[in-house]
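The values are calculated or read from the model by the stated rules, or taken from the named source; none is laboratory data. All of these numbers come straight from a predicted model, not from anything done at the bench. Note that each Cβ is placed from the backbone with ideal geometry, even for glycine, and that neighbours are counted across all protein chains shown.
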Amino acid sequence: MATTREIVGPAVTELLPRPFDVRKIREDFPILKQKMHGKPLVYLDNAATSQKPQAVIDALVHYYTQYNANIHRGVYLLSERSTQAYEDARVKLQRFMNAAESREIVYVRGSTEGINLVAQTWGRQHIGAGDEILITAMEHHSNIVPWQMLCEEKGARLRVGPINDRGELIMDEFEKLINDRTRLVGLAHVSNALGTINPVKQIVKMAHAKNIPVIVDGAQATPHMKIDVQALDCDFYTISGHKLFGPTGIGALYGKAKLLESMPPYQGGGDMILSVTFEKTIYNHIPNKFEAGTPNIAGAIGWGAAIDYLTRIGMENISSYEHALLTYANEAIGQIPGVRLIGTAREKTGVLSFLLEGIHPHDVGTVLDQEGIAVRTGHHCAQPVMERFGVPATVRASLAFYNTKQEVNALAAGLEHVKAMFA
């Protein structure tokens, strides 16, 4: 069978850490070189999706031109190469998250599907009438709606831990909501609308003291910090490839092996079985049991290239750089007269969610677009967060490690331009 190096090709030179140089890093992202409306692109919508380095693009092209074939079932060399690259990417994810075994990594389409998988398998097994599921008031809709659907089906109740005016979880109140009826705790590691970093390890310890499992939505955390699921001791952790500088349509659910083994399949079909007769089906081992049908092979391989790229830079280097950039952005944007920052948690990642007095967020976003600046406007799939702060929507500028102080300055200048237009 071909080696990983032979399969993946020359997209990433040896995985050796290199000094953090944002100018050189930006050269790795071809999309950042273009102009929008005649202005240099300033991409500040990373919480929605991240841009892709050339290494990821090369890996996708290399797959489709050199060893495109279906996986696991073929005995010919092309299929073996495809299978190896697909499974190698799973091992890269295992190491990236520090899971104990690669079989604890289940490929899904993204964090949303990972949460739904847990809701429809573990949830249906263990949630009954009168039971409670505890989440927080800062959740993305993906970590609200699946639990609402399950509660409606089972006659259970969804409880919500409150947040304060800074956008931080009120831990005393949250702890009080954990009781003998609580069957599951679910929370975002990082809020997509506020940037708040939740104290996941503390919450897991709190829940485990009462034998309650915890699922963590890690979609917004993994691009910004080093993740160690064993240190967190969470039971499930979901991530999305497209937010982690990989392709769209690929994600992963981490689950402790013992839990995954106890759960029924999520979907039926090919590759999730060992044997099928009209009388009985014997299901495959984990993680294959949860991966019915032909998967997003190219997406997984491209994501593996993204993991290689991030490993080479170093997540600690990324976190350090982004922290300094966020501090700079908070000062630059926060001091603009008329700006109201929404979400000022003491522990947060690179999200600036704000309002510009007297101007609708959509108008702000439209004018900024004409300046080449891409931001997100709306409720960010977090309508309960907007309701908590009494606003219909915000402007959200979200940072990545390829953003610069010059781009923050461009955003500040753009906001001054917006103010002048609506004066």
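Within the stretch 66-79, identify whether any single residue is touching a residue at least 40 places away in the same chain (Cβ under 8 Å), aromatic (Phe, Trp, Tyr) and not assigned by TED's automatic domain parsing to the domain that holds GLY302, and answer yes or no. So far as the stretch 66-79 goes, yes, one or more of its residues are touching a residue at least 40 places away in the same chain (Cβ under 8 Å), aromatic (Phe, Trp, Tyr) and not assigned by TED's automatic domain parsing to the domain that holds GLY302. Here is a check on your reading of the model: is ILE215 surrounded by 24 or more Cβ atoms within 10 Å (Cβ to Cβ), in contact (Cβ under 8 Å) with a residue 40 or more places away in the chain and under 22 Å from PRO146 (Cα atoms)? So ILE215 passes the test.
Do the conditions hold for LEU259, that is, is it surrounded by fewer than 24 Cβ atoms within 10 Å (Cβ to Cβ) and either among the small types (Gly, Ala, Ser) or within 30 Å of ARG73 (Cα to Cα) (or both)? Answer is yes for this residue.
Where strands (runs of 3 or more DSSP E) fall entirely within the stretch 167-269, those with at least 3 residues that are within 23 Å of ASN288 (Cα to Cα), assigned by TED's automatic domain parsing to the domain that holds TRP147 and in contact with a Ser or Thr (Cβ under 9 Å, 6 or more places away or on another chain) are at 214-217, 236-240, 251-255.
Yes/no per residue for (1) buried (at least 22 other Cβ atoms within 10 Å of the Cβ); (2) in contact with a strand residue (DSSP E or B) (Cβ under 6 Å, 6 or more places away or on another chain); (3) closer than 19 Å to TYR266 by Cα:
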residue: GLY74; (1), (2), (3): no, no, no
residue: ALA99; (1), (2), (3): yes, yes, no
residue: GLY114; (1), (2), (3): yes, yes, yes
residue: TRP122; (1), (2), (3): yes, no, yes
residue: ILE133; (1), (2), (3): yes, yes, no
residue: MET149; (1), (2), (3): no, no, yes
residue: PRO162; (1), (2), (3): no, no, no
residue: MET171; (1), (2), (3): no, no, no
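Within 25 Å of the chain's Cα centre (by Cα), at pLDDT 90 or above, within 25 Å of ILE57 (Cα to Cα) and not polar (S, T, N, Q) - does that describe any residue in the stretch 263-286? No, the stretch 263-286 has no match at all. Listed by position, the helices (runs of 4 or more DSSP H) inside the stretch 1-71 whose residues that are modelled with pLDDT under 95 and hydroxyl-bearing (Ser, Thr, Tyr) number at least 1 are 4-8.
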